[in-house]
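The values are calculated or read from the model by the stated rules, or taken from the named source; none is laboratory data. Just so you know, these numbers come straight off a predicted model, no measurement behind them. Every residue, glycine among them, receives a Cβ derived from its backbone with ideal geometry; neighbour counts consider all protein chains shown.
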Amino acid sequence: MAAEEVRPLLGPQGPLRPGVQNKRLYLAAFAAVLGPLSFGFVLGYSSPVIPELRKIDNPKLRLDSNQASWFGSVVTLGAAAGGILGGYLVDKVGRKLSLMLCSIPYVFGYVVIISAQNIWMLYFGRLLTGLASGITSLVVPVYISEVSHPTVRGMLGSCVQLMVVTGILGAYVAGITLKWRWLAVLCSFPCCIMLLFMSFMPETPRFLLNQNKRSEAIAALQFLWGPHADYEGDCRQIEADVQEEGLNLCDFKNPSVYRPLLIGVALMFFQQVTGINAVMFYAETIFEDANFKDSRMASVVVGSIQVCFTAVAALIIDKTGRKVLLYISGIIMALSTALFGLYFKMVLPNQNNSSNPDVWFTLNSATPETESSISWLAVVSLGLFVAGFALGWGPVPWLVISEIFPLKARGISSGVCVLTNWFMAFLVTKEFNDFIGFLTPYGTFWLFSVFCCLNVTFTAFYVPETKGQTLEQIEAYFRRS
């Protein structure tokens, strides 16, 4: 049975918000999304650094292909652990303090990388920055969804992914001129600025009301929405929701808890099996193997496309809705990965990839004439893939999981989803080279294309539309269904 739309209770465009002033709300959202900017730098760091570390003179720091794959993917293991830790912290110490605390492993991780004397120190530094990234990827969407009102929640929630891809692009651009140690120094700045800004921002009203701190919750709403908003009415609506008892194991038998959890886990799974993190971690390597002369500049172009289309998604998501963007995104990605597979099929018609375990780094059997005649196909395919992902399957899953969970299960359910996301990111990223060897390059991208088609089908049948609804209305929808 197809998923129904969450019915608005106060009009087709969502609840009216008379008297709301958004300036301080935008400031609080900006302070929070400095966290995603930080883990965007973490994700983008490996792309310019891996080619440099593969050629470095110091044998203790030089990476072979297997070590390079670990350097790129170990961050996702740290992020998976961060998802578990973040799910605990966000309910125990609050959204604000959790976000401030994650700046510690960010900074310490980069200090370890900067001072690295061997490969294991590089791994440990990446693991720490990954841990911080996992906490950030859980806490920031929750914080933004809980401080926002429905008319801007989609736009502000999409800014999480916008800042991630901005951080990735920043790492690509800085990596053109900076050596790997100095690039790590630069990457440590955003989390320090986030710590400073967040110290002046309020805790979310929903968390404060859940802790029976009504006066502080009202003060937070006054700060965020201005003195003329109907914060008393909002407090009453939230209080009616938070009066329930705490979460226990038998609650997961309730469809209002397990159904959004299953949807969230599936969204995280499908986001990663599109292959996006494999493509972004190894962007420069992909272009090198596709025989583009300036692979670093090509990566910057890819990053720029991602930033532009994520910004477009943020601007239109509150008008188009979540499901429309997921449909468009999934179809574009399915077509583009099929085309990218076709490119490798034409470039590498005779190579037996299954016999070469290091095939992704040694694609050299194609003739120069074949490569030059269809190199445009790789550029167009990868550009379309990144644009399609940025339009929907990049920002929307993170936004939806910040909206659909009931308040009492928000921490643990978000933690399970983040764990799923980063564990799948690790599997896809770490095993990408093995997929290439086993399935051939074109077979791997055609497999990604199949998963993109499954994304669209899943969206049609199971993902609810949450445009314009309060978090309490969305929770009521799952109770009714």
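Okay, residues lined up against (1) buried (at least 18 other Cβ atoms within 10 Å of the Cβ); (2) assigned to a helix (DSSP H, G or I):
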position	(1), (2)
T151	no, yes
M155	yes, yes
C159	yes, yes
M194	yes, yes
L209	yes, yes
S215	no, yes
H228	no, no
D234	yes, yes
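Are there any pairs with C-beta distances below 7 angstrom linking a residue in region 454-481 that is surrounded by fewer than 17 Cβ atoms within 10 Å (Cβ to Cβ) to a residue that is hydroxyl-bearing (S, T, Y), with the two at least 6 apart or on different chains, and if so which?
From region 454-481, the pairs are R479/S256.
Kindly indicate whether any position in region 90-110 is in the same structural domain as P395 (by TED's automatic domain parsing), surrounded by fewer than 24 Cβ atoms within 10 Å (Cβ to Cβ) and either on the phi > 0 side of the Ramachandran plot or under 15 Å from the mean Cα position of the chain (by Cα) (or both).
Yes, some residue in region 90-110 is in the same structural domain as P395 (by TED's automatic domain parsing), surrounded by fewer than 24 Cβ atoms within 10 Å (Cβ to Cβ) and either on the phi > 0 side of the Ramachandran plot or under 15 Å from the mean Cα position of the chain (by Cα) (or both).
When you scan region 417-444, how many residues do you find that are in a helix (DSSP H, G or I) and more than 21 Å from the chain's Cα centre (by Cα)?
Going through region 417-444 one residue at a time, the tally reaches 11.
Look through S299, S329, S304 and report the one residue that is within 17 Å of S381 (Cα to Cα), in the same structural domain as F451 (by TED's automatic domain parsing), surrounded by 22 or more Cβ atoms within 10 Å (Cβ to Cβ) and modelled with pLDDT of 80 or more.
Just a single option satisfies the conditions, and that option is S329.
For region 425-474, which positions are charged (D, E, K, R) and modelled with pLDDT of 80 or more? Break it down into steps so the answer makes sense when it comes.
Step one: of region 425-474, the residues charged (D, E, K, R) are 430-431, 434, 465, 467, 472.
The answer is E465, K467.
Within region 453-481, which residues are under 21 Å from the mean Cα position of the chain (by Cα) and more than 24 Å from K319 (Cα to Cα)?
C453, L454
Right, W422: modelled with pLDDT of 85 or more, in the same structural domain as Q272 (by TED's automatic domain parsing) and out of contact with any Pro (no Cβ under 8 Å at 6 or more places or on another chain) or not?
no
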